[in-house]
Amino acid sequence: MPAPITNALTIDVEDYFQVSALAPHFPRTQWDTVPCRVEANVERILELLERHDTRATFFTLGWIAERYPQLVRRIAVGGHEIASHGYGHERASAQKPDTFLADIRLAKAVLEDITGQDVAGYRAPSFSIGRDNLWAHDCIAEAGYRYSSSVYPVQHDHYGMPDAPRFPWRLDNGLVEIPVTTNRWLGRNWPAGGGGYFRLLPYAVSRWQIARVNREDGRPAIFYFHPWEVDPEQPRVTEASARTRFRHYLNLQHTEARLQRLLSDFRWGRADAVFRDAA
Ligand SMILES: [Zn+2]
């Protein structure tokens, strides 16, 4: 029997009002007036990881890091990887190259200032790198990041690049892109890396998908979730569309228990360690 594969566990550190689908209801100018829930939620996640003796990668928003520097330090002290989710959570696809570059440079500087450690990884908000804005990968390399995890090789109304490689690849500029995990089945790619699908479908589906990638592709998976997904008490945005509310609020009360099973059923580590030799 080969040793079990270690998969990469990643958390996108942002608050519920910064999620792209809810963004129209919370203009950036109002962010400072909304009570933040992210700190308490990240604390719960840190305790959960501690109980399972697991390290993970936290793609942290610069805006959050500036307001909660102690939280960022606590994550780093726990042995987890601090990576960048940009500063203001604007989709890469909605920005021009110069504003995008300024945003990801600022986030890197803020995070490195707090931890005193090099920040190697970056994830675009809402996996917003696709066919139409591949220039973003050059900005990420230019800002000094060494890897990106910003492409989801699936078909989705808000993101996705279904014909992108399913496993890490190195670009000409030296950057490594680590796409979120998909499962190849019935001639198409199925999302297998977390997010809404993890809450929408029974847990057994996620377990089957990750096990299949480990077993049949012989590759580690990279899985993601958000602090607000372990927070069933968060305020409800009633003005959002029925579709957005369904996606955002479904099964929040079950996420933490499902994460516990996920942590028990597989081996997990930081993205920078799991993919050290990738591509
Ligand atoms: Zn995000």
Filter region 252-279 down to residues that are at pLDDT below 85 and closer than 14 Å to Tyr203 by Cβ, then give me how many there are.
-> 0
Hits in region 120-159 - residues which are within 16 Å of the ligand (Cβ to nearest atom) and either among the hydrophobic types (A, V, I, L, M, F, W, C) or not in a loop (DSSP other than H, G, I, E, B) (or both) | Gly121, Tyr122, Ala124, Pro125, Ser126, Phe127, Ile129, Ala136, Ile140, Ser148, Val151
Mind counting the residues in region 165-181 that are within 27 Å of Leu250 (Cβ to Cβ) and at pLDDT below 95?
-> 0
Out of (1) assigned to a loop (DSSP other than H, G, I, E, B); (2) closer than 25 Å to Arg261 by Cα, the one Phe59 does not meet is (1)
Test each condition in (1) within 16 Å of the ligand (Cβ to nearest atom); (2) under 15 Å from the mean Cα position of the chain (by Cα); (3) under 22 Å from Ala271 (Cβ atoms) for Glu90 and report the one that comes out false.
-> (3)
Sole residue being touching a residue at least 60 places away in the same chain (Cβ under 8 Å) and open to solvent by less than 10 Å² (accessible area, probe 1.4 Å), chosen from Val180, Val213, Val237 | Val237
Could you list all residues from region 72-102 that are part of a helix (DSSP H, G or I) and buried (at least 22 other Cβ atoms within 10 Å of the Cβ)?
-> Val72, Ile75, Ala92, Phe100
Of the criteria (1) away from the ligand (no atom under 16 Å from the Cβ); (2) in contact (Cβ under 8 Å) with a residue 12 or more places away in the chain; (3) over 16 Å from the mean Cα position of the chain (by Cα), which one Thr99 fails = (2)
Test: Ile11 is buried (at least 22 other Cβ atoms within 10 Å of the Cβ), more than 17 Å from Val230 (Cβ to Cβ) and among the hydrophobic types (A, V, I, L, M, F, W, C) | no
Please find, within region 128-138, the residue that is modelled with the highest pLDDT out of those that are open to solvent by less than 10 Å² (accessible area, probe 1.4 Å) and of a type in the set (A, V, I, L, M, F, W, C).
-> Ala136
Across region 1-39, what is the total count of residues that are in a helix (DSSP H, G or I), more than 18 Å from the chain's Cα centre (by Cα) and not charged (D, E, K, R)?
-> 6
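The values are calculated or read from the model by the stated rules, or taken from the named source; none is laboratory data. Computed from a prediction, not measured in an experiment: that's the story for all the values here. When we count neighbours, we look across all protein chains shown, and the Cβ atoms used for this are built from the backbone with ideal geometry, even at glycine. Ligands, DNA and RNA are excluded from the accessible area calculation, which covers all protein heavy atoms including side chains. Shrake-Rupley method; radii C 1.70, N 1.55, O 1.52, S 1.80 Å.
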